[in-house]
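Worksheet for the structure shown next.
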Amino acid sequence: MSMGSESVRVTWVGVLVNFALGLLKTAAGWLLGSKALVADGMHSLLDLFSDIAVLFGLLMAKRPKDETHHYGHHKFVSFAKFFIGCMLFSVSGALVVASVLEFRTGVTVPQAGPAFLVVLLAIVVKEVLFRWTRNVARRLKSGLLMANAVHHRSDSFSSVGVAVALLGVLLGGEDWAFLDALVTLVLGCYLILEAARILREAGGDLLDAAPKREIIEDFREHILAVPGAKAYHDFRVRRVGDVYEVDLHLQVDPQLTVEHGHRIAREVKQRMLEVHPEVTSALIHIEPANPEHLKARGISDSVSLE
(Lines give C-alpha, C1' and ligand atoms only; values in the text may rest on other atoms or scores of the structure.)
Protein backbone atom coordinates (compact mmCIF):
# COMPACT_ATOMS: atom_id res chain seq x y z
CA MET A 1 0.00 0.00 0.00
CA SER A 2 1.38 3.42 -0.97
CA MET A 3 1.80 6.28 1.50
CA GLY A 4 -0.97 8.26 -0.14
CA SER A 5 -3.47 5.41 -0.14
CA GLU A 6 -2.70 4.59 3.49
CA SER A 7 -3.33 8.16 4.61
CA VAL A 8 -6.58 8.30 2.64
CA ARG A 9 -7.68 4.95 4.03
CA VAL A 10 -7.20 5.87 7.68
CA THR A 11 -9.01 9.15 7.07
CA TRP A 12 -11.97 7.43 5.41
CA VAL A 13 -12.25 5.08 8.39
CA GLY A 14 -12.29 8.19 10.59
CA VAL A 15 -15.16 9.61 8.53
CA LEU A 16 -17.30 6.50 9.07
CA VAL A 17 -16.42 6.16 12.76
CA ASN A 18 -17.09 9.83 13.56
CA PHE A 19 -20.38 9.78 11.68
CA ALA A 20 -21.60 6.72 13.60
CA LEU A 21 -20.35 7.88 17.00
CA GLY A 22 -21.58 11.43 16.49
CA LEU A 23 -25.12 10.32 15.77
CA LEU A 24 -25.08 7.75 18.58
CA LYS A 25 -23.80 10.10 21.30
CA THR A 26 -25.94 13.06 20.25
CA ALA A 27 -29.13 11.00 20.11
CA ALA A 28 -28.35 9.17 23.35
CA GLY A 29 -27.48 12.40 25.16
CA TRP A 30 -30.68 14.02 24.00
CA LEU A 31 -32.84 11.05 25.04
CA LEU A 32 -31.05 10.45 28.34
CA GLY A 33 -30.83 14.09 29.39
CA SER A 34 -27.03 14.48 29.35
CA LYS A 35 -25.91 17.78 27.87
CA ALA A 36 -22.28 16.72 28.21
CA LEU A 37 -22.98 13.65 26.08
CA VAL A 38 -24.76 15.81 23.49
CA ALA A 39 -21.73 18.10 23.39
CA ASP A 40 -19.46 15.08 23.08
CA GLY A 41 -21.55 13.85 20.17
CA MET A 42 -21.30 17.22 18.47
CA HIS A 43 -17.53 17.00 18.93
CA SER A 44 -17.52 13.69 17.06
CA LEU A 45 -19.58 15.20 14.27
CA LEU A 46 -17.05 18.03 14.15
CA ASP A 47 -14.34 15.39 13.72
CA LEU A 48 -16.34 14.13 10.74
CA PHE A 49 -15.98 17.53 9.05
CA SER A 50 -12.31 17.56 10.01
CA ASP A 51 -11.80 14.22 8.28
CA ILE A 52 -13.45 15.61 5.16
CA ALA A 53 -11.12 18.62 5.30
CA VAL A 54 -8.13 16.27 5.63
CA LEU A 55 -9.25 14.24 2.61
CA PHE A 56 -9.58 17.47 0.65
CA GLY A 57 -6.06 18.53 1.62
CA LEU A 58 -4.53 15.14 0.80
CA LEU A 59 -6.24 14.89 -2.58
CA MET A 60 -5.34 18.45 -3.57
CA ALA A 61 -1.69 17.96 -2.56
CA LYS A 62 -1.42 15.11 -5.07
CA ARG A 63 -2.34 17.33 -7.99
CA PRO A 64 0.62 18.27 -10.19
CA LYS A 65 1.80 21.79 -10.94
CA ASP A 66 -0.29 23.67 -13.48
CA GLU A 67 -0.53 27.09 -15.12
CA THR A 68 -2.23 28.66 -12.10
CA HIS A 69 -0.20 26.88 -9.38
CA HIS A 70 3.44 26.90 -10.45
CA TYR A 71 4.58 25.55 -7.07
CA GLY A 72 2.00 22.79 -6.82
CA HIS A 73 -0.96 22.41 -4.47
CA HIS A 74 0.72 21.45 -1.19
CA LYS A 75 -0.50 24.59 0.59
CA PHE A 76 -4.01 23.18 0.44
CA VAL A 77 -2.83 20.85 3.23
CA SER A 78 -1.96 23.85 5.42
CA PHE A 79 -5.26 25.45 4.51
CA ALA A 80 -7.10 22.28 5.59
CA LYS A 81 -5.21 22.30 8.91
CA PHE A 82 -6.23 25.92 9.42
CA PHE A 83 -9.85 25.02 8.70
CA ILE A 84 -9.70 22.21 11.27
CA GLY A 85 -8.36 24.63 13.87
CA CYS A 86 -11.11 27.15 13.15
CA MET A 87 -13.84 24.55 13.51
CA LEU A 88 -12.34 23.17 16.71
CA PHE A 89 -12.04 26.68 18.16
CA SER A 90 -15.68 27.45 17.31
CA VAL A 91 -17.14 24.33 18.88
CA SER A 92 -14.91 24.72 21.95
CA GLY A 93 -16.23 28.20 22.54
CA ALA A 94 -19.78 26.91 22.18
CA LEU A 95 -19.10 24.22 24.81
CA VAL A 96 -17.83 26.81 27.29
CA VAL A 97 -20.86 29.05 26.75
CA ALA A 98 -23.27 26.12 27.08
CA SER A 99 -21.72 24.98 30.36
CA VAL A 100 -21.84 28.48 31.86
CA LEU A 101 -25.52 28.82 30.91
CA GLU A 102 -26.16 25.41 32.46
CA PHE A 103 -24.87 26.62 35.82
CA ARG A 104 -26.97 29.81 35.65
CA THR A 105 -30.26 28.13 34.68
CA GLY A 106 -29.91 25.07 36.92
CA VAL A 107 -28.55 21.64 36.15
CA THR A 108 -30.64 18.63 35.17
CA VAL A 109 -30.11 15.04 36.30
CA PRO A 110 -29.27 12.74 33.35
CA GLN A 111 -29.95 8.99 33.12
CA ALA A 112 -26.37 8.24 34.01
CA GLY A 113 -26.29 4.45 33.68
CA PRO A 114 -27.20 4.01 29.99
CA ALA A 115 -25.32 7.19 29.04
CA PHE A 116 -22.17 5.87 30.74
CA LEU A 117 -22.26 2.68 28.63
CA VAL A 118 -22.57 4.71 25.43
CA VAL A 119 -19.62 6.95 26.25
CA LEU A 120 -17.51 3.97 27.35
CA LEU A 121 -17.95 2.41 23.91
CA ALA A 122 -16.99 5.71 22.28
CA ILE A 123 -13.79 5.97 24.34
CA VAL A 124 -12.53 2.57 23.20
CA VAL A 125 -13.33 3.17 19.53
CA LYS A 126 -11.81 6.68 19.36
CA GLU A 127 -8.64 5.69 21.21
CA VAL A 128 -8.02 2.90 18.69
CA LEU A 129 -8.63 5.35 15.83
CA PHE A 130 -6.29 7.94 17.39
CA ARG A 131 -3.41 5.49 17.78
CA TRP A 132 -3.79 4.21 14.22
CA THR A 133 -3.92 7.71 12.74
CA ARG A 134 -0.96 8.88 14.86
CA ASN A 135 1.18 5.93 13.76
CA VAL A 136 0.43 6.61 10.09
CA ALA A 137 1.14 10.34 10.58
CA ARG A 138 4.53 9.61 12.18
CA ARG A 139 5.49 7.13 9.49
CA LEU A 140 4.53 9.50 6.68
CA LYS A 141 5.72 12.60 8.58
CA SER A 142 2.35 14.20 7.88
CA GLY A 143 1.47 17.27 9.94
CA LEU A 144 -2.06 17.20 8.52
CA LEU A 145 -2.69 13.63 9.66
CA MET A 146 -1.12 14.39 13.04
CA ALA A 147 -3.49 17.35 13.48
CA ASN A 148 -6.38 15.02 12.72
CA ALA A 149 -5.02 12.43 15.17
CA VAL A 150 -4.91 15.12 17.88
CA HIS A 151 -8.51 15.88 17.04
CA HIS A 152 -9.38 12.19 17.53
CA ARG A 153 -7.56 12.18 20.88
CA SER A 154 -9.36 15.35 21.99
CA ASP A 155 -12.65 13.59 21.23
CA SER A 156 -11.45 10.61 23.27
CA PHE A 157 -10.47 12.92 26.17
CA SER A 158 -13.84 14.61 26.04
CA SER A 159 -15.52 11.22 26.28
CA VAL A 160 -13.37 10.33 29.30
CA GLY A 161 -14.47 13.53 31.03
CA VAL A 162 -18.10 12.81 30.24
CA ALA A 163 -17.69 9.24 31.55
CA VAL A 164 -16.24 10.52 34.84
CA ALA A 165 -19.10 12.99 35.23
CA LEU A 166 -21.74 10.37 34.48
CA LEU A 167 -20.11 7.92 36.88
CA GLY A 168 -20.19 10.60 39.59
CA VAL A 169 -23.87 11.25 38.93
CA LEU A 170 -24.55 7.51 38.90
CA LEU A 171 -22.92 7.04 42.31
CA GLY A 172 -23.84 10.36 43.97
CA GLY A 173 -27.28 11.02 42.54
CA GLU A 174 -28.83 14.47 42.14
CA ASP A 175 -26.26 16.16 44.39
CA TRP A 176 -23.57 15.40 41.80
CA ALA A 177 -25.55 16.38 38.73
CA PHE A 178 -23.45 19.55 38.41
CA LEU A 179 -20.55 17.37 37.18
CA ASP A 180 -22.22 17.11 33.78
CA ALA A 181 -21.90 20.86 33.22
CA LEU A 182 -18.53 21.14 34.98
CA VAL A 183 -16.91 18.57 32.69
CA THR A 184 -18.36 20.38 29.69
CA LEU A 185 -16.69 23.61 30.87
CA VAL A 186 -13.28 21.97 31.44
CA LEU A 187 -13.50 20.14 28.12
CA GLY A 188 -14.28 23.35 26.25
CA CYS A 189 -11.28 25.19 27.75
CA TYR A 190 -8.94 22.32 26.88
CA LEU A 191 -10.17 22.20 23.30
CA ILE A 192 -9.67 25.96 22.91
CA LEU A 193 -5.99 25.48 23.74
CA GLU A 194 -5.68 22.63 21.24
CA ALA A 195 -7.39 24.70 18.55
CA ALA A 196 -5.00 27.59 19.20
CA ARG A 197 -1.99 25.28 18.75
CA ILE A 198 -3.29 23.90 15.44
CA LEU A 199 -4.09 27.41 14.19
CA ARG A 200 -0.61 28.63 15.12
CA GLU A 201 1.08 25.78 13.23
CA ALA A 202 -1.15 26.11 10.17
CA GLY A 203 -0.75 29.89 10.14
CA GLY A 204 3.02 29.51 10.28
CA ASP A 205 2.93 27.20 7.27
CA LEU A 206 0.74 29.58 5.28
CA LEU A 207 3.06 32.50 6.13
CA ASP A 208 6.20 30.54 5.21
CA ALA A 209 7.54 30.49 8.75
CA ALA A 210 10.84 28.62 9.22
CA PRO A 211 10.51 25.11 10.67
CA LYS A 212 12.11 24.02 13.94
CA ARG A 213 15.84 24.58 14.26
CA GLU A 214 16.64 20.87 14.49
CA ILE A 215 14.91 20.26 11.16
CA ILE A 216 16.95 23.00 9.49
CA GLU A 217 20.22 21.67 10.90
CA ASP A 218 19.31 18.17 9.75
CA PHE A 219 19.01 19.42 6.18
CA ARG A 220 22.19 21.54 6.34
CA GLU A 221 24.50 18.68 7.28
CA HIS A 222 24.36 17.17 3.78
CA ILE A 223 25.82 20.19 1.96
CA LEU A 224 29.51 20.35 2.86
CA ALA A 225 29.73 16.55 2.93
CA VAL A 226 29.70 16.61 -0.88
CA PRO A 227 33.22 16.81 -2.46
CA GLY A 228 33.72 20.16 -4.14
CA ALA A 229 31.21 22.04 -1.98
CA LYS A 230 33.39 24.76 -0.45
CA ALA A 231 30.83 26.88 1.37
CA TYR A 232 27.21 28.02 1.32
CA HIS A 233 25.01 30.83 2.60
CA ASP A 234 21.44 32.14 2.42
CA PHE A 235 20.18 28.68 3.37
CA ARG A 236 16.40 28.81 3.70
CA VAL A 237 13.69 26.26 4.44
CA ARG A 238 9.95 26.61 4.38
CA ARG A 239 7.19 24.12 5.08
CA VAL A 240 4.56 23.73 2.37
CA GLY A 241 1.77 21.50 3.61
CA ASP A 242 3.42 18.25 4.65
CA VAL A 243 6.64 18.79 2.67
CA TYR A 244 9.61 21.19 2.73
CA GLU A 245 11.23 23.39 0.12
CA VAL A 246 14.92 24.31 0.42
CA ASP A 247 17.02 26.91 -1.37
CA LEU A 248 20.63 28.01 -0.84
CA HIS A 249 23.68 29.61 -2.47
CA LEU A 250 26.42 27.02 -2.93
CA GLN A 251 30.03 28.17 -3.39
CA VAL A 252 32.49 26.10 -5.43
CA ASP A 253 36.03 26.52 -6.79
CA PRO A 254 35.93 29.47 -9.24
CA GLN A 255 38.24 27.57 -11.61
CA LEU A 256 35.67 24.83 -12.25
CA THR A 257 33.61 24.72 -15.41
CA VAL A 258 29.92 25.51 -15.24
CA GLU A 259 29.18 21.86 -15.95
CA HIS A 260 31.37 20.68 -13.07
CA GLY A 261 29.81 23.18 -10.66
CA HIS A 262 26.37 22.09 -11.74
CA ARG A 263 27.32 18.47 -11.10
CA ILE A 264 28.34 19.31 -7.51
CA ALA A 265 25.07 21.14 -6.93
CA ARG A 266 23.12 18.22 -8.35
CA GLU A 267 24.85 15.81 -5.96
CA VAL A 268 24.04 18.06 -3.00
CA LYS A 269 20.42 18.10 -4.08
CA GLN A 270 20.26 14.35 -4.66
CA ARG A 271 21.74 13.57 -1.25
CA MET A 272 19.28 15.85 0.49
CA LEU A 273 16.27 14.42 -1.34
CA GLU A 274 17.35 10.82 -0.81
CA VAL A 275 17.93 11.17 2.91
CA HIS A 276 14.89 13.40 3.44
CA PRO A 277 11.94 12.32 1.28
CA GLU A 278 9.90 15.03 2.99
CA VAL A 279 11.94 17.59 1.01
CA THR A 280 10.07 18.03 -2.26
CA SER A 281 12.44 20.50 -3.93
CA ALA A 282 15.88 22.04 -3.45
CA LEU A 283 16.88 25.13 -5.45
CA ILE A 284 20.66 25.69 -5.49
CA HIS A 285 22.39 28.80 -6.83
CA ILE A 286 26.07 28.35 -7.77
CA GLU A 287 28.65 31.01 -6.83
CA PRO A 288 32.46 31.17 -7.05
CA ALA A 289 34.24 30.62 -3.72
CA ASN A 290 36.23 33.86 -3.98
CA PRO A 291 37.17 35.63 -0.72
CA GLU A 292 34.77 38.49 -1.46
CA HIS A 293 31.92 36.03 -1.90
CA LEU A 294 32.53 33.85 1.13
CA LYS A 295 30.34 34.09 4.18
CA ALA A 296 31.32 33.35 7.77
CA ARG A 297 28.83 30.50 8.22
CA GLY A 298 28.87 27.21 6.35
CA ILE A 299 32.53 27.44 5.21
CA SER A 300 34.39 24.16 4.78
CA ASP A 301 37.70 23.48 6.48
CA SER A 302 39.60 23.80 3.21
CA VAL A 303 38.59 27.44 2.63
CA SER A 304 40.17 30.49 4.26
CA LEU A 305 38.80 34.01 4.41
CA GLU A 306 42.26 35.48 4.06
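The percentage of C-alpha pairs in the stretch 167-234 whose separation is greater than 21 Å is 61%.
With a sphere of radius 14 Å drawn around the Cβ of LEU193, what net charge do the other residues whose Cβ falls strictly inside it have (Lys, Arg +1; Asp, Glu -1)?
Details: positive: ARG153, ARG197, ARG200; negative: GLU194, GLU201.
Neighbour charge sum, excluding LEU193 itself: +1.
Can you send over the carbon and sulfur percentage of the accessible area for the stretch 164-260, probe radius 1.4 Å, protein chains only? C and S fraction of accessible area: 59 percent. Multiplying the residue separation of TYR190 and ARG238 by 0.36 nm and subtracting their alpha-carbon distance yields 14.3 nm. Potential lengthening of the chain between GLN270 and ARG213 amounts to 18.3 nm, from the contour at 0.36 nm per residue minus the alpha-carbon distance. Here the spin labels are modelled as points 7 Å beyond Cα on the Cα-Cβ line, and at HIS260 and THR68 they lie 4.8 nm apart.
Send over a whole-number figure in Å² for the accessible area per residue of the stretch 152-200, probe 1.4 Å. Each step should come with its number before you reach the end.
On the way: 2140 Å² over 49 residues.
Per-residue value: 44 Å².
The values are calculated or read from the model by the stated rules, or taken from the named source; none is laboratory data. Here the structure is a predicted model, which is why all the values come from computation and not from measurement. All Cβ positions, glycine included, derive from the backbone under ideal geometry; neighbour counts span all protein chains shown. For accessibility, only protein heavy atoms count, side chains too; no ligands or nucleic acids. Shrake-Rupley method; radii C 1.70, N 1.55, O 1.52, S 1.80 Å.
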